[in-house]
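Since the structure comes first, as structure tokens, the remarks are kept for the end.
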Amino acid sequence: MRILLVGRTGLIGSAISARLSAEGHECVLVSRHPTATPGTHHIVFDMARTTDASRWKGILAGVDAVINAAGALQGQDMQGVHVAGSATLYSACESAGIRRVILFSAIGTDRDARSDFSRTKQEGEAALMARNLDWVVLRPSVVVGRPAYGGSALLRGLASLPALPDMPDTAAIQPVYLDDVVETVLFFLQPGAPSRIALDLAGPRQMAFSDAVALFRRWLRWRPAHRLHLPAWAALAFIVQETWRKGSAGARPSIRRRRRKCGAVRPAIPDPGVRRPASCHAILQPRSPASRPRCRNAGLRSYTR
């Protein structure tokens with residue numbers, strides 16, 4: 001199949017792109033930022049500032065299915081990426097006769113929207129559902145995998161602290177493994193797969209936020225962190241201060257820049273109750289202490305394959 005993937009440089013988009021290429025699909029990759037990945041058909045295109053559906057005509061030529069994994073976490077781009085730009089893409093798909101469109105939204109957006117992010121995601125879903133397309137809306141929970149990105153980067157950063165404050169009045173999370181998200185996409189790309197359906201993607205276990213951080217420490221083969229029972233305001237201040245001190249003090253580079261500089265690959269974090277392919281289990285096995293490289297630029301010890 002020839003598949004258009006919007007949002008290729010994100011956590012989910014990059015994993016989908018790699019898997020589709022490995023499966024022999026032809027991918028047309030679209031993102032706002034250029035990529036250095038060799039051998040890919042990549043188009044730099046800012047959908048947030050595109051309201052003319054005709055601009056998608058050449059990009060959609062010969063495409064069999066579209067995956068929209070584009071997203072913005074803050075700022076004015078949320079309205080452009082999640083709503084206006086996406087609606088223009090769906091209009092172009094309808095005009096081009098492309099039936100299958102998969103949209104990545106976020107878990108909880110089908111409830112009362114309490115933030116601009118949730119509101120724009122909700123409006124983006126409505127824009128797709130209003131079209132005469134074979135749409136699928138996927139709403140993942142916190143996605144964890146080999147890359148450190150977004151929610152998983154926060155969990156790993158907190159797991160590196162010597163003490164973990166228990167956050168009162170925080171909602172439980174239900175992390176989902178990145179490879180499971182990719183498998184779901186491949187299922188819905190199959191001929192005859194269900195359509196016009198919205199699914200929450202969450203792992204099999206619900207856990208408190210502090211328990212998820214503790215689980216990261218166990219997978220990293222570290223001793224449990226000391227628990228601090230603090231009021232909410234003090235716990236938040238502690239997290240902000242410690243994560244800033246470890247990862248952002250002075251002119252230190254960001255987490256992703258430090259990771260690229262040292263070339264470290266952090267281990268995957270699958271749910272222990274779900275069987276994984278052997279390749280995923282291999283990443284969880286740390287080398288002997290003598291062979292573990294230390295990265296001076298990262299806040300965590302990093303294991304390599």
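Worth pointing out:
- Residue in region 73-91 that is modelled with the highest pLDDT, counting only those that are open to solvent by 10 Å² or more (accessible area, probe 1.4 Å) and of a type in the set (A, V, I, L, M): A87
- Test: residue in region 165-179 that is touching a Lys or Arg at 6+ places or on another chain (Cβ under 9 Å), of a type in the set (A, V, I, L, M, F, W, C), open to solvent by less than 50 Å² (accessible area, probe 1.4 Å) and under 22 Å from E125 (Cα atoms): yes
- Filter pass, S152 being of a type in the set (S, T, Y) and modelled with pLDDT of 75 or more: no
- Condition met for L154 (part of a helix (DSSP H, G or I), of a type outside the set (D, E, K, R) and under 16 Å from the mean Cα position of the chain (by Cα)): yes
- Taken over region 180-189, the criterion of being charged (D, E, K, R) and surrounded by 14 or more Cβ atoms within 10 Å (Cβ to Cβ) is satisfied by D180 alone.
- When D112, D52 are screened for being open to solvent by 20 Å² or more (accessible area, probe 1.4 Å), of a type outside the set (K, R), farther than 27 Å from L186 by Cβ and at pLDDT below 85, only D112 passes.
- Test: residue in region 170-186 that is part of a loop (DSSP other than H, G, I, E, B), at pLDDT 85 or above and in contact with a strand residue (DSSP E or B) (Cβ under 8 Å, 6 or more places away or on another chain): yes
- Qualifying residue in region 9-18 (condition: among the polar types (S, T, N, Q), more than 14 Å from the chain's Cα centre (by Cα), closer than 17 Å to V185 by Cβ and at pLDDT 90 or above): no
- Within region 126-147, the residues that satisfy the criterion of being open to solvent by 10 Å² or more (accessible area, probe 1.4 Å) and either closer than 19 Å to R19 by Cβ or modelled with pLDDT under 75 (or both) are P140, V143, R146, P147.
- Within region 195-208, being surrounded by fewer than 16 Cβ atoms within 10 Å (Cβ to Cβ) and farther than 19 Å from A126 by Cα holds for P204, Q206, A208.
- Residue check for G192: outside any helix (DSSP H, G or I), surrounded by fewer than 18 Cβ atoms within 10 Å (Cβ to Cβ) and of a type in the set (G, A, S): yes
The values are calculated or read from the model by the stated rules, or taken from the named source; none is laboratory data. Values in this document were obtained by computation on a predicted structure and should not be read as measured data. For neighbour counting, all protein chains shown are included, and Cβ atoms are generated from backbone atoms with ideal geometry for every residue, glycine included. Heavy atoms of the whole protein, side chains included, go into the accessibility calculation; ligands, DNA and RNA do not. Shrake-Rupley method; radii C 1.70, N 1.55, O 1.52, S 1.80 Å.
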